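Colleague: Right, I'll just put the structure down here and ask away after.
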Amino acid sequence: MLTGKTIILGVTGSIAAYKAAEIIRSLKALNANVRVIMTMNAAKFIGETTLQTLSGNPVYIDMFPDSSRVEDSLTHITVSNAADLFLIAPATANIIGKAANGIADDLLSTTLLSVGNKPVLIAPAMNERMYTNHIYKHNEKKLRISGIKFVDPEYGKLACGDEGDGRLASVDSIVQHVVNALMGEVVSDLKGKRILVTAGGTREHIDPVRFIGNPATGRMGFALARTAQIRGADVTLISGKTLLAPPDGVKYIQTETADQMRKFVLDSFKHADILVMAAAVGDFKPQKTEKNKIKRKGALRIDLEPTDDILEKLGKIKKDKIVVGFAAETNNLIKNAKSKLKKKNLDLIVVNDVTQSDAGFESETNIVKIIDKNNNVEELPKWTKEEVSHRIWDRIVKLVKK
């Protein structure tokens with residue numbers, strides 16, 4: 001979505017500076033070019049090398065790194081010329097005070113003053129007493145009046161141990177504001193669509209402390225939900241057990257067993273326009289779940305029975321809804337995926353080889369093939385799951401427009 005866009009990320013001396021790394025990764029996943037300016041104090045909280053590696057660009061700190069070179073003394077001009085948007089995250093009360101009063105005494109504040117009429121976003125992070133101080137509020141108001149937009153901080157646990165307003169907004173929220181500022185509120189090609197996404201693996205209990213499950217982390221489904229929300233959709237995410245935090249602005253339902261997943265998916269499917277079933281739903285469950293922990297007594301036999309096939313059921317009742325499935329395979333990928341596509345009446349199926357390096361359940365990247373009803377196969381390279389998600393939505397948007 002941000003291909004060809006250059007974002008200047010200003011990082012200031014806040015304990016939340018470590019989140020700059022995640023902001024860079026999320027923006028890069030949208031194909032943005034990110035260039036970083038750090039203050040001297042920010043460099044005490046997070047390393048220059050980390051942000052340089054993630055952004056793929058030099059990190060600027062010193063106003064005059066080499067005073068003998070004219071180009072180094074004009075960094076604030078050359079960097080601001082390249083910017084499509086200037087983002088300061090985290091932004092301390094200090095940088096906000098400087099900006100509000102036209103002070104330019106370091107590289108970040110000087111560059112900010114030279115961006116002209118390009119969009120500027122500021123994501124504050126500070127203690128609640130600082131955030132509610134009337135002097136700070138006066139400075140923030142001045143910047144808002146001048147056209148600078150803010151990504152308001154959240155209420156929560158602060159670095160000092162207090163609880164209150166002032167915690168840096170979530171990375172998802174910051175990225176969403178960047179997309180909106182650059183692309184416009186109505187650019188989203190999924191705006192108005194009600195989308196249901198499933199994620200994670202299911203668990204079927206043998207006894208109170210043991211279960212049959214799979215290694216699915218939910219990363220692919222969460223990436224799909226997050227990117228759909230960025231593209232303007234009204235998203236419901238139904239997930240098995242996971243350690244991931246649900247994306248901002250998404251209705252989230254957590255489940256555990258295949259039966260629970262089936263119930264919530266069927267209920268939510270009634271109100272959805274599009275379903276992407278990325279969850280790794282177990283195919284079998286124990287015929288009987290013991291009430292007490294089974295003691296070790298030698299060999300243990302467990303009789304299994306099949307779980308309900310949620311996707312096949314939905315394929316029979318989908319009518320004009322778009323349904324996309326996933327196939328995690330270990331052999332005969334194309335043959336098995338095409339069979340599943342036809343049997344379950346899907347519009348698209350996304351298949352990957354889970355034995356392949358960087359493409360399995362616990363990987364942050366994926367290597368997939370997308371197959372449509374005409375048996376056309378699109379092979380994607382190794383991409384982050386965010387990038388794969390956007391490509392899947394690109395394909396779905398084409399189906400919506402038919």
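Colleague: Against the condition aromatic (Phe, Trp, Tyr), in contact (Cβ under 8 Å) with a residue 12 or more places away in the chain and assigned to a strand (DSSP E or B), how does residue 326 come out, does it pass?
Modeller: Judged against the criteria, residue 326 is a match.
Colleague: Have a look at 343, 373, 382 and point out the one that is within 25 Å of the chain's Cα centre (by Cα), surrounded by fewer than 17 Cβ atoms within 10 Å (Cβ to Cβ) and assigned by TED's automatic domain parsing to the domain that holds residue 244.
Modeller: 382
Residue-wise test of (1) surrounded by 14 or more Cβ atoms within 10 Å (Cβ to Cβ); (2) of a type in the set (Val, Ile, Thr); (3) closer than 19 Å to residue 345 by Cβ; (4) in contact with a Cys (Cβ under 8 Å, 6 or more places away or on another chain).
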position	(1), (2), (3), (4)
259	yes, no, no, no
272	yes, no, yes, no
278	yes, no, yes, no
281	yes, yes, yes, no
286	yes, no, no, no
291	no, no, no, no
299	no, no, no, no
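Colleague: Just to be sure, is residue 235 assigned to a strand (DSSP E or B), at pLDDT 95 or above and crowded, with 20+ Cβ neighbours inside 10 Å?
Modeller: Considered against the rule, which asks whether it is assigned to a strand (DSSP E or B), at pLDDT 95 or above and crowded, with 20+ Cβ neighbours inside 10 Å, residue 235 comes out as yes.
Colleague: Checking the structure you have, find out if any residue of the range 17-27 is within 18 Å of residue 98 (Cβ to Cβ) and either crowded, with 22+ Cβ neighbours inside 10 Å or assigned by TED's automatic domain parsing to the domain that holds residue 388 (or both).
Modeller: There is at least one residue in the range 17-27 that is within 18 Å of residue 98 (Cβ to Cβ) and either crowded, with 22+ Cβ neighbours inside 10 Å or assigned by TED's automatic domain parsing to the domain that holds residue 388 (or both).
Colleague: Please count how many residues of the range 262-277 are in contact (Cβ under 8 Å) with a residue 24 or more places away in the chain and farther than 21 Å from residue 233 by Cβ.
Modeller: 1
Colleague: To continue, here is another question. Taking helices (runs of 4 or more DSSP H) that fall entirely within the range 76-180, which contain at least 2 residues that are surrounded by 18 or more Cβ atoms within 10 Å (Cβ to Cβ)?
Modeller: Because the criterion is at least 2 residues that are surrounded by 18 or more Cβ atoms within 10 Å (Cβ to Cβ), the helices (runs of 4 or more DSSP H) in the range 76-180 that meet it are 93-100, 107-113, 134-145.
Colleague: Quick one: is residue 188 outside the structural domain of residue 100 (by TED's automatic domain parsing) and either farther than 20 Å from residue 16 by Cα or at pLDDT 85 or above (or both)?
Modeller: When the stated conditions are applied, residue 188 passes them.
The values are calculated or read from the model by the stated rules, or taken from the named source; none is laboratory data. This is a predicted model, so every value here is computed, not measured. All Cβ positions, even for glycine, are placed from backbone atoms using ideal geometry, and neighbour counts span all protein chains on display.
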